[in-house]
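Quick note: the coordinates plus some simple rules give every number you see, no bench work behind them. Computed from a predicted model, the values in this text were never measured in an experiment. Ideal geometry is used to build each Cβ from the backbone, glycine not excepted, and the neighbour counts take in all protein chains shown.
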Amino acid sequence: MNDMLQKIGKIGLVPVIKINNPSHAVPLGKALISGGIPVAEVTFRTDAAEEAIRRMREELPDLIVGAGTVISPELAKKAVAAGASFIVSPGFNQKTVEWCLENDVPVLPGINNPSLIEQGLSLGLDVFKFFPAENYGGASMLKALSAPFGSVKFVPTGGINANNLADYARLDSVLAIGGSWMVKSDLIDNEQWEQIAALCREARLKLQGFSF
Ligand code: 3PG
């Protein structure tokens, strides 16, 4: 597995961020670091994403910064040019995956069925986002889905929070758990950095005892 993805696996959590104001990028990144989750998936759901990635990357060397909601190779290129170290997509777009592989950029395409996993394996991938996790059957579905694929790892995301994250954390096939519950947009918009750090700490505590 790629080194960057291994690092994310050690952290065990991937905050999924929707940021409206680029000036929030650095204080948000500091809150993540202080909360013990030095990783940010900044989604391309707002115009601020590119600049937010740039600022986090330039000013916070201890933060792993990636891009989410990357739905085309063009967007992947833009994200990487801004400083993204990994790419996440909601679905499986072969063109995006191929661009990332050709450019040595770790990529986590979203999957929800075995055929897509096989498609990814044939391109050389060994880590996928399982999305939207709760709607597609949650941890029990992921357990069944991962059973035939031995060493393949997953980052379940979608509908996960502090109350159900342990269901996923106990699965060997889970590399890390993604979600927006600790970085909700209203917390970011209202500059609730302490609250964000506290939610990160709470999530970290919930992972204690599991192997991350
Ligand atoms: C994503 O893009 O990964 C999801 O929107 C995150 O899902 P959540 O908001 O339910 O955590």
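Using only alpha carbon pairs under 8 Å that are at least six residues apart, calculate the relative contact order of region 105-212 and give it in whole percent. Taking the mean separation of contacting Cα pairs over the length of region 105-212, I get 21 percent. For the pair region 98-141 and region 16-76, the centres of their Cα atoms are 21 angstrom apart. Close amide-amide hydrogen proximity is noted between Val39 and Ile64, each under 5 Å apart and 5 or more residues distant or on a separate chain (H modeled in the peptide plane; Pro and chain starts excluded). From most to least packed by mean Cβ count within 10 Å, the peptides 159-168, 80-89 give 80-89, 159-168. The mean sequence distance of close C-alpha pairs (under 8 Å, at least 6 residues apart), as a share of the length of the chain, puts its relative contact order at 23 percent. Highest mean first, the peptides 61-71, 98-108, 31-41 sorted by other C-beta atoms within 10 Å per residue fall in the order 31-41, 61-71, 98-108. Note that region 204-212 has calculated 3J(HN,Hα) couplings of 4, 4, 5, 8, 4, x, 9, 8, 10 Hz, one per residue in order, obtained from phi through the Karplus relation 6.51 cos²θ - 1.76 cosθ + 1.60 (θ = phi - 60°); glycine and proline are x. Rounded to whole numbers, the Karplus 3J(HN,Hα) couplings from phi for region 110-118 are x, 9, 9, 7, x, 5, 5, 5, 4 Hz, using 6.51 cos²θ - 1.76 cosθ + 1.60 with θ = phi - 60°, and x at Gly and Pro.
Close amide-amide hydrogen proximity is noted between Val88 and Ala67, Gly68, Thr69, Val70, Leu108, each under 5 Å apart and 5 or more residues distant or on a separate chain (H modeled in the peptide plane; Pro and chain starts excluded). Working note: Karplus 6.51/-1.76/1.60 with θ = phi - 60° gives region 5-13 the couplings 5, 5, 4, 4, x, 6, 6, x, 9 Hz, where Gly and Pro are set to x. Amide H contacts under 5 Å for Leu13: Ile177, restricted to partners 5 or more places along the chain or on a different chain, H placed in the peptide plane at 1.01 Å from N.
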